[in-house]
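For reference, the structure discussed in these notes is given below.
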Amino acid sequence: MATVGLFDSGFGGLTVVREVKRQLPGVNVRFYGDNSRIPYGPLPKETIVRYTRQILDFLAGKNIDIAIIACNTATSASLEEVKDEYPFPVLGVIKPGIKGALAATRNNKIGVVATEFTIGSGAHKQGLKAANPKAEVIGQACPQITLLVEAGKTSGPEVEAAVSGYLKNFKGTGIDTLVLGCTHYPVLEDTIRNYVDQNVTIIDPAVETVAEAKEWLQKKGLVTDCVSPSYKFYTSGDPELFTQVGTIILGWPIDNVEKVVLG
Ligand code: DGL
């Protein structure tokens, strides 16, 4: 039975875990949330690369078949540097977001919301323009959204104010596609939808990311029907908070959360 390892700076990566359950219901999941060191968004590249290696080394000890960096910030900072250092494939979430956006856009005007690091890296912009030189890419960093989700705040006036404040910057740009370029943001997808024009297609890169993982696992003959896959969660933060917020994001109760501090 296949085992997928995933990590994020915090709870955001759980939006990828729930997609794993949807597309790959029979695989085991090992997830590491670096909740005590979040946010990664304001950190320098070298630090994010170091954290990525620490966490992938940890997941490598869990018998995983494939790893997903379920964090756009860590993907843009470190995927190219670390992807060949492990005996299993390491996937990121940036290229899948780009793929989803290219398939969805009709007018080539694409918005990207992400952390300050991801927007500053230009990863989405470069990838979109390389595939489609006509693409017009408008990026917006939304660091407050990460912090709200991380605190378990998924609705209410604070969330509305943060989301509307950031998304008003897309008014009048004509974008028809918006990439949720931080894995925390799909948690607030319904709220986000209320503050963009109705014709805007929202892209959650988790869908394409897990499709890519599924394709690889299928090729290797590792996708089997399994009645009870095991899910195991590790956090550098508070396991009780992880259990609470994790249950909200995943939509099913979790109880097997272990505290693991790396580095
Ligand atoms: N969830 C992370 C991402 O996809 C970032 C949050 C952060 O650590 O700043 O970029």
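The values are calculated or read from the model by the stated rules, or taken from the named source; none is laboratory data. The structure displayed is predicted, hence computed values, not measured ones. Ideal geometry is used to build each Cβ from the backbone, glycine not excepted, and the neighbour counts take in all protein chains shown. We work out accessible area using only protein heavy atoms, side chains counted, and drop any ligands, DNA or RNA first. Shrake-Rupley method; radii C 1.70, N 1.55, O 1.52, S 1.80 Å.
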* Structure fact -> Per-residue ellipticity at 222 nm attributable to helices in the chain (runs of n ≥ 4 DSSP H, -39500 (n - 2.57) apiece, nearest 500 deg cm²/dmol) works out to -13000 deg cm²/dmol
* **Residue among Y40, Y166, Y32 with the largest mean-square fluctuation in a Gaussian network model of the chain, springs linking Cα atoms under 10 Å** => Y166
* Structure fact -> Binned at 5 Å from zero, the C-alpha pair distances of the chain give percents of 1, 6, 14, 18, 20, 17, 12, 7, 3, 0
* Asked: So, in nm, how far is label T47 from label A104 when the simple model puts each one 7 Å beyond its Cα toward the Cβ?
  -> 3.1 nm
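Carbon and sulfur atoms: what percent of the 1.4 Å accessible area of the chain do they account for?
Values: 5540 of 11050 Å².
Carbon plus sulfur share of accessible area: 50 percent.
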* Structure fact -> Computed over the chain, the relative contact order (Cα-Cα under 8 Å, seq sep at least six) in percent reads 28 percent
* For helix 206-219, report the angle its Cα long axis makes with the longest principal axis of the Cα atoms of the chain; keep it between 0 and 90° and round to the nearest 10°. => 40 degrees
* Asked: What is the distance in Å between the Cα centres of the range 1-76 and the range 149-217?
  -> 19 Å
* **Gaussian network model of the chain, springs between alpha carbon atoms under 10 Å - residue of L102, L91, L14 with greatest fluctuation** => L102
* Asked: In nanometres, what is the gap between the two model label sites at Q218 and K232, each 7 Å from Cα along Cα-to-Cβ?
  -> 2.8 nm
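Would you mind putting 196-205, 4-13 in packing order, based on average other-beta-carbon counts within 10 Å, highest first? It would help to have the intermediate numbers written out before the result.
Details: 196-205: 18.5, 4-13: 28.1.
For the peptides 196-205, 4-13, the packing ranking is 4-13, 196-205.
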* If ligands, DNA and RNA are left out, what is the accessible area of K99 with a 1.4 Å probe, given in Å² to the nearest 10? -> 120 Å²
* Expressed as a rounded percentage, what relative contact order does the range 108-192 have, with Cα pairs under 8 Å and six or more residues apart? -> 44 percent
* Asked: FRET efficiency for W252 and K134, Cβ-Cβ distance as r, R0 = 41 Å, nearest 0.05?
  -> 0.45
* Taking the Cβ-Cβ separation of L241 and K83 as r and a Förster radius of 22 Å, what is the calculated FRET efficiency to the nearest 0.05? -> 0.10
* Are any of the pairs K83/K153; K62/K99; K99/K214; K21/K62; K99/K153; K99/K220 more than 26 Å apart by Cα-Cα distance, and if so, which? -> K83/K153; K62/K99; K99/K153
* Asked: With every protein chain present, what is the per residue accessible area of the range 102-172 (1.4 Å probe, Å²)?
  -> 47 Å²
* Per residue, what accessible area does the range 196-263 have, given a 1.4 Å probe and all protein chains present, in Å²? -> 56 Å²
* Note the angle between two axes, namely the Cα long axis of helix 94-104 and the longest principal axis of the Cα atoms of the chain, as a number of degrees from 0 to 90, rounded to the nearest 10. => 50 degrees
